[in-house]
Structures are given as structure tokens and as C-alpha cells.
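Structure first, commentary second.
The values are calculated or read from the model by the stated rules, or taken from the named source; none is laboratory data. Only a predicted model underlies this, so the values are computations on that prediction, with no experimental measurement involved. Every residue, glycine as well, gets a Cβ built from its backbone with ideal geometry; the counts of neighbours run over all protein chains shown. SASA here: full protein model, heavy atoms, side chains in, ligands and nucleic acids out. Shrake-Rupley method; radii C 1.70, N 1.55, O 1.52, S 1.80 Å.
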Amino acid sequence: MSRNNILAVDAMGGDQAPEMVIAGLEIAAKRHPDAKFLVYGDLAKLQPLLAATKRVKSQVSLFHAADIISGDMKPTIALRLRDSSLRRAIDAVLTNEAAGVISAGNTGALLALSKIVLKTMPGIDRPAMAAIAPSAKGDVVLLDLGANVVYDARNLVEYAVMGEMFARVVLGLPAPTVGLLNIGSEEGKGDEILRSAAATLRESPIAKQFHGFVEGHDIAGGTVDVVVTDGFTGNVALKTGEGALRLVVGQLKEVFNSGPFAKMGYLFARGGLKRLRETLDPQRYNGAVFLGLNGVVVKSHGGADAEGFAHAIDVAMDMITNDFNQRIREGLSAMDQAILTGEAPADAPAASIPASSIPAAGVSGR
């Protein structure tokens, strides 16, 4: 059996696991009838849940795992649990039994175990956490969202290459545009790390797609398809956006419940508000991905429902079936060749800072 349609599943991770996980697999099975799922967890709980499904039971193989990694467990402790559902699922990718793994469990444990067990791909210094968010012009890819707070210019270039390919595979964009998040859009803004990364990208194979620097408001504005930043800044930007969205939704509820005329207005606006709710539904954007590892690793939100978990499975299956990691290897190889030869693609502006001057290390902060 080809591993290109096999996904390992941590059934015990998440606020509503394992019920939510099995229900999500049932939804995903309809969308991916050829997929196979290796599901790890407590068999006493999983077997009756799976028996009650109609579709996915024929696509699932169950494996018992004695240990469960709780949401608040420290990664150092999680690393010692060799028979946890999360570790067993990740091990399945290591042994080539599966092409990817998905979990709604402990983010820190998932990242730590994936980095230690699967390791980063050749040419990748640090993995990045990427996710999709809504914008005024469609979906936008954001990375890094917290996998690393220590970074250098080379890391930002790697993130740009991986984010650009992620947008191609998951969003289906033929030539996604890329921007580096900065405190201003002018070329002289930001620190040396940002300016060096920008110089490299301007003479790279994705030079035509590189927009340059973007600011915080450009994320929601949809100025570019891929926004690249360090893990500290990206995590703050993501959670600020989530908080702003909750504020807007809460204020709308208060407005439409403020009196009889407001409630009447809601009746007239109900159709438009339904479309808005569908567009901004957080479950639709569930499924963050750790890019740059030897295997596809997808993190579902811990509070996701079955539909949200199924969407995260969609993301994982898109990456697996499109051989995402091989395409990343090819993209990085082309990037390295461009840096080695110093040859910029046609119509690409010459870099003001040589690629060889990229600093060796840096830290988060502007």
C-alpha cells in the first residue's frame, strides 16, 4: 500500500477527544474515500465509537496506546512517554507507515516530538508553523506563528519558500505573492535581518512574486497571499487578529440585541450576516502546519469540533497527495542554486545586499 494516502491520527488529543476525532474522520472519509487512517489511542474508548460510524470504519486501522499527553503537560515530560497516542502516531511517519500525522493535542509536545523524532528536512534550519487566515481578498497564509522565536535571515527566506509552496498546494494559487512583515513598507525599514532576507528574495526564483515589506494592516487587507515573519511576531499578530474578530462578533450580537428595532434590523440583515459568519468561521481555518519536517505534521485547534477537525484533515491530505515535502526540497534547491551562482531571474531587481552577507543568527524583535 502506498503511504501517499495514509495519515496517522492522535485520537486522544483535543478538548473533546476521542469522540470529536472519530466524528471528524467520518466527515473526512466522504471527502477522501481513498485515504487510510492509522488511529492511535485507548481501544476501549475507540472501538465502540468506530463501530457506530457508517463510512470511515472501513478506512481505519486502530492501535492501542496506553499513555495520553494532556494539554498542559510539559514537552520534556511528554518526550518520555513512548507509548502515548501522539508519540505512536509520529513514530508511524518515522517508520514510513504513514506520510503525515494530525493531532488536536498539546502544541508544544507535538512540535518537540516532531522535531526530535522526524527531524528537519535537509536544508531547513528551523521548522515554521503556518496557518490560513481570512482577508479582504480571500485567504492568506501566515508563518511563522510560534515554532521559533530565535531566527536569522536565512530562516525567513526558508519560510518564504515554504509558505509560497503551501499557498500553491493548499490554496491552489498558481503564483502566490509573498511579503515580509515589517514596521513599514519602505525598503529602509526594519532591522538588518529583514533587509538581508528581502535582498535575497529579490534575487531568488520567487523574485517576481516577492512584494517586499508589508505592515500589520496588510494581513487583513489581503495585500499579499503569504505573510512571512518570525515566530514571536507571528504569534502576537495571530492572537491579536483572533481577539479583534471576537470583539467584532461580540459587538454585533450586542447591537442586534439592544432593542426591538435592532432585532428587526437583524431580520433584514440575516442573510448577509450568515454569509459573514461562514466566511469568518474559525473552524474553516482550522489546521496549522509545521513546515520543514520530514513528514507532514498538522495541528488541529484543541477546541475544534468534528467539522473543524475534518478541515484539518483536508489540509493534511492536500499536502500528502501533492507531495508537498518533495516540492519544498525542489524549491530550496533552486533557492540555494540562485544564491550560489548569484544569478537573479529575468526582470528581478539586483539585490542591494549580497546574499553572502546574510547574518548567521538573530533574535526576535524589531
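Scan the strands (runs of 3 or more DSSP E) fully inside the stretch 1-80 and keep the ones with 2 or more residues being at pLDDT 95 or above, open to solvent by 80 Å² or more (accessible area, probe 1.4 Å) and closer than 21 Å to VAL297 by Cβ.
So the answer is none; nothing clears 2.
From the list VAL150, VAL140, the one residue that fits, being surrounded by fewer than 23 Cβ atoms within 10 Å (Cβ to Cβ) and not hydroxyl-bearing (Ser, Thr, Tyr), is VAL150. Counting the residues of the stretch 92-127 that are open to solvent by less than 40 Å² (accessible area, probe 1.4 Å) and assigned to a helix (DSSP H, G or I) gives 10. Would you check if there is a residue in the stretch 7-26 being of a type outside the set (A, V, I, L, M), over 20 Å from SER84 (Cα atoms) and in contact (Cβ under 8 Å) with a residue 60 or more places away in the chain? There is at least one residue in the stretch 7-26 that is of a type outside the set (A, V, I, L, M), over 20 Å from SER84 (Cα atoms) and in contact (Cβ under 8 Å) with a residue 60 or more places away in the chain. Evaluating ASN286 against the criteria (1) surrounded by 19 or more Cβ atoms within 10 Å (Cβ to Cβ); (2) at pLDDT 85 or above; (3) of a type in the set (S, T, N, Q) leaves one unmet condition, (2). Residue count for the stretch 81-94 satisfying the condition of being of a type in the set (S, T, N, Q) and either closer than 14 Å to PHE37 by Cα or at pLDDT below 95 (or both): 1. Does ASP15 satisfy the criteria of being touching a Gly at 6+ places or on another chain (Cβ under 9 Å) and charged (D, E, K, R)? The answer is yes for ASP15. All conditions in (1) touching a strand residue (DSSP E or B) at 6+ places or on another chain (Cβ under 8 Å); (2) among the small types (Gly, Ala, Ser); (3) at pLDDT 85 or above hold for ALA199, with the sole exception of (1). Residues that are under 13 Å from the mean Cα position of the chain (by Cα) and open to solvent by 20 Å² or more (accessible area, probe 1.4 Å) were ranked within the stretch 128-137; the one that is modelled with the lowest pLDDT is ILE132.
Flag: ALA153 does not match the condition of being at pLDDT below 95, aliphatic (A, V, I, L, M), closer than 20 Å to LEU79 by Cα and out of contact with any Phe, Trp or Tyr (no Cβ under 6 Å at 6 or more places or on another chain).
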